[in-house]
1. Kindly provide the set of residues from the range 1-31 that are among the aliphatic types (A, V, I, L, M), more than 20 Å from residue 43 (Cα to Cα) and either free of Cβ contacts under 8 Å to residues at least 12 places away in the same chain or in a loop (DSSP other than H, G, I, E, B) (or both), ordered by number.
2. Can you tell me which residue in the range 46-80 is farthest from residue 30 (Cα to Cα), limited to those that are in contact (Cβ under 8 Å) with a residue 24 or more places away in the chain and of a type in the set (D, E, K, R)?
3. Residues in the range 13-33 that are more than 18 Å from residue 78 (Cα to Cα), surrounded by fewer than 17 Cβ atoms within 10 Å (Cβ to Cβ) and at pLDDT 95 or above: how many?
4. For the range 51-68, give me each residue that is of a type in the set (A, V, I, L, M, F, W, C) and at pLDDT 95 or above.
5. Could you check the range 34-45 and list, in sequence order, the residues that are under 13 Å from the mean Cα position of the chain (by Cα) and surrounded by fewer than 18 Cβ atoms within 10 Å (Cβ to Cβ)?
6. Would you mind listing the strands (runs of 3 or more DSSP E) fully within the range 51-119 where at least 2 residues are surrounded by 14 or more Cβ atoms within 10 Å (Cβ to Cβ)?
7. Pull out all pairs, ordered by first then second residue, where Cβ-Cβ is under 6 Å, the residues are six or more apart or on different chains, the first lies in the range 81-92 and is within 11 Å of residue 49 (Cβ to Cβ), and the second is among the aliphatic types (A, V, I, L, M).
8. What number of residues within the range 76-119 are touching a Leu at 6+ places or on another chain (Cβ under 9 Å) and either closer than 18 Å to residue 43 by Cβ or hydroxyl-bearing (Ser, Thr, Tyr) (or both)?
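The values are calculated or read from the model by the stated rules, or taken from the named source; none is laboratory data. Everything quoted here is computed from the prediction, not taken from an experiment. Virtual Cβ from ideal backbone geometry, glycine too; neighbours counted across all protein chains shown.
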Amino acid sequence: MKFENTGIEKLKADINRLDDVMQEYGLVRAGQWDYDRVTYDRKFELKEGIFYLRIQGFAAEGDVDTFKATIQLLTPLLGKHYYPHGVEYGEGENFPASLVTQCKKILENVAEEISQFAL
């Protein structure tokens, strides 16, 4: 599921400040990066299954591995995990309404904070 028009997809920010804000909201980058791309995930374990809120981005300037990069964020996603195949984001997936509401609130807060220092 894509969260369209959150404003996040219009933001560019320094990777170090971005890491701090994302961490505040439980969105972890950990090892999910390469030289040009980053992925922040937040895991939700519900009775309906395991879900991930994902915010991806790419280096508009610099390299991620040097911690000197400007990251252009992309449209956030919500996916359901299926063992052992991975995460599915398709429109045919069924997402609990309470989870969607919670994710929208998280994305609203993240966008508001990042917009204060966005480039």
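1. Here is the first cut: in the range 1-31, the ones among the aliphatic types (A, V, I, L, M) are 1, 8, 11, 13, 15, 18, 21-22, 27-28, 30.
From what's left, more than 20 Å from residue 43 (Cα to Cα): 11, 13, 15.
11, the sole residue that qualifies.
2. Checking each candidate, the answer is 48.
3. To start, the set of residues in the range 13-33 that are more than 18 Å from residue 78 (Cα to Cα) comprises 13-21, 24, 30-31, 33.
Then keep just the ones that are surrounded by fewer than 17 Cβ atoms within 10 Å (Cβ to Cβ); that gives 16-17, 20, 24, 30-31.
Right, trim to at pLDDT 95 or above and you get 16-17, 20, 24.
The number of residues fulfilling the criteria is 4.
4. In the first step, residues of the range 51-68 are kept if they are of a type in the set (A, V, I, L, M, F, W, C); the result is 51, 53, 55, 58-60, 64, 67.
Answer for the range 51-68, where residues must be of a type in the set (A, V, I, L, M, F, W, C) and at pLDDT 95 or above: 51, 53, 55, 58, 59, 60.
5. Of everything in the range 34-45, those that are under 13 Å from the mean Cα position of the chain (by Cα) and surrounded by fewer than 18 Cβ atoms within 10 Å (Cβ to Cβ) turn out to be 37, 43.
6. Values: elements: 68-73, 77-82, 86-88.
Here the list reads 68-73, 77-82.
7. 81/50; 81/87
8. Selection size over the range 76-119: 18.
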